[in-house]
Each structure stands twice: as structure tokens, then as C-alpha cells.
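Working notes, beginning with the structure itself.
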Amino acid sequence: MFVNTSITLSILIPCYNWDVYQLVDSLHSLCANNPRLKQFEIICAEDGSTFTFNNKKITTFSNTKYRILKNNIGRSRIRNLMAREAKYIWLLFIDCDSKITSKSFINKYISCAINHKKNNNKTVNKHLYYGSTIYPNRAPDDKQTLHWKYGKEIESKLKHINFSSHHFLIQKILFKNYNIKFDESIKSYGYEDVFFIINNQIKAIYIKNPAFHTGLKNSSKFIKDTESALQNLILNQKSIYQLDNKIKIIRISKLISSLFMTNIVTYFFLIFKKKITRNLISKSPSLFLFQFYKLGFFLLEKKRNLSKES
């Protein structure tokens, strides 16, 4: 059976207050002379950015589009919008704060698409393919140490079992004909990518294909975004089927509840919150204390939500 050894590809880069020129330059170089790409496009959409650097310069590249949204519509809605506007069969989403260091980055995703076609010739399977996220060997700035340390020591090491939307490949037909989409009711930061694969029953397949995460946040911002993500988790916990089995902090919180220790943990969290925060924003943050902070915050917010409901 003959299998086409070339594909068409739309590279989609949602952008928010980030200089995306170098990323587009790298991706365009990998695509422009690739014999396995029949056609390609690169689309960058500014999601209500307040500063766009010189990103408009990317329009000097062939097959590249740049658009500016006046208002920020959020991480879910911007991806759905870009999926609808993309022209080609395969969609490669990649975060704007990424750096490509491997010359085989695009080729590895092309291989996934070709093998997917070979193995699923007459069916449309709800699969996506995602690669690893890696971090620099040292924190660029002391104020970014918490994000860097968490990303390098925890997130990157668990990427093979925990999907994140940093960069991933998916078929456009899933968005177009199968009503697959990111949940646009989620406006704030966090877990929208996990909800995406659970809600749509997508099989996320990990491949060894790294890209650097260069957009490290300062520690205070990273803590705030973590809190936002945990609040999203609490708000969606009841409505998403089998979420308990997918998220570790939910399983731990249930164990603590079964042992009647919720009040004890939240008590110590409130007592030591300021001291823990001082450690987390220092240049030597403890990941153990960060995990305790997350757990304490999660349990406390759950208690508050339950009080509001009653």
C-alpha cells in the first residue's frame, strides 16, 4: 500500500508580549527546504499584546502570516481560533517563548504525521503528538529560580507522562469535523491543556523531540500563576470525568481528607505561608516547600468553595 511521504503543515504560534522573530526564523529555516513538506504556513497571532517588539518583521518570510488581536481572548480561545484559520491538514502548535535547538525538530513531527497516516489509513483517530520541554542549565536570573528549578527538576522529567501544550502536533480535521476544541470557558491560566485531552478523549503520544522553554517567570508571578491553575482545577473538578485519576494533587487531597487531616494541613499552611513565600522568592527556593504550598493552597481554596456552596 502506497503511503504519501509528504505532508502539509500549519505552524501556529499564539503570542503574548514576546519577541517571536527568532523562533519564526528558526522554524521557517527548517521548513523552507524540507522535501517532506508539500506545503506549509506559519501563523503568529498577538493575543491582545501590549508590546509587540518587531514581530511584524516576520511577514518578510514566505508563507508567514501575522495578525494582531486588540483584546486578549485567552489561551483556549486563541488556539481554537488559529485552528479554524489554518489551511493545512496538520497543525503544529508551539508556544511563543520557545527556542528550537535541534535541526530535526520539524522532521520528527513530520515522521509522526506520516506514520500516523500509514497506521490509520481509513480512520480518524483522536491522537496528538507532543515533545519534551527543556530548560537551561542555570537560572538566567535569581528572581526566576523557582520557575527554572521546578521546570528542570520536576516538569521536564515528568513530561513523558504529563501532556502540556508547549508544542504538539494534531490533525485539523479533529477541530473541523469532530468538534474538538479547547474549553473557552477557562479564561485564566492553568490546566486548559490537560482539560483539552481529557474532555475530548484524545490520546497524547509523547516523542523525544525537545524545545527550550525560554519564558521563565519571576518567582512571584510563577506562584500567582500556580494559584490560578489550582483554582481552575477546583472549579472544573466535578465536571470533568476521571479528572481525579489524572491529577496527582487531587489524589493526595482525597487521601488527606480520608485521614481527617485537611484542617491540620491548612492550619500549618496559613501559619507558615509568609515564611514559605519568602523562601520561594529567594534565590534558593525549596521544591518541597513549593509542593506543600500548592497542597495547602489547594485544600484551603476547596474548603472556601465548599463553604460558599453551602
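Tabulated results
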item: Condition met for K181 (closer than 17 Å to I78 by Cβ and over 13 Å from the mean Cα position of the chain (by Cα)); result: yes
item: Looking only at segment 31-48, and only at residues there that are touching a residue at least 12 places away in the same chain (Cβ under 8 Å) and surrounded by fewer than 19 Cβ atoms within 10 Å (Cβ to Cβ), the one that is nearest to F93 (Cα to Cα); result: E41
item: Residue satisfying all of: in segment 252-272; free of Cβ contacts under 8 Å to residues at least 24 places away in the same chain and aromatic (F, W, Y); nearest to Q291 (Cα to Cα) among these; result: F272
item: Qualifying residue in segment 294-306 (condition: among the small types (G, A, S) and surrounded by fewer than 18 Cβ atoms within 10 Å (Cβ to Cβ)); result: no
item: Candidate set: segment 132-161, residues that are part of a loop (DSSP other than H, G, I, E, B) and either in the same structural domain as R77 (by TED's automatic domain parsing) or in contact with a Lys or Arg (Cβ under 6 Å, 6 or more places away or on another chain) (or both); chosen: the one nearest to K203 (Cα to Cα); result: S132
item: Residues satisfying the stated conditions in segment 141-160, i.e. under 14 Å from the mean Cα position of the chain (by Cα) and in contact (Cβ under 8 Å) with a residue 24 or more places away in the chain; result: G151, S156, K159, H160
item: Qualifying residue in segment 105-119 (condition: in the same structural domain as F196 (by TED's automatic domain parsing), in a loop (DSSP other than H, G, I, E, B) and either touching a helix residue (DSSP H, G or I) at 6+ places or on another chain (Cβ under 7 Å) or over 23 Å from N162 (Cα atoms) (or both)); result: no
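The values are calculated or read from the model by the stated rules, or taken from the named source; none is laboratory data. Here the structure is a predicted model, which means the values were calculated and not measured. Glycine also receives a Cβ, built like all others from the backbone with ideal geometry; neighbour counts cover every protein chain displayed.
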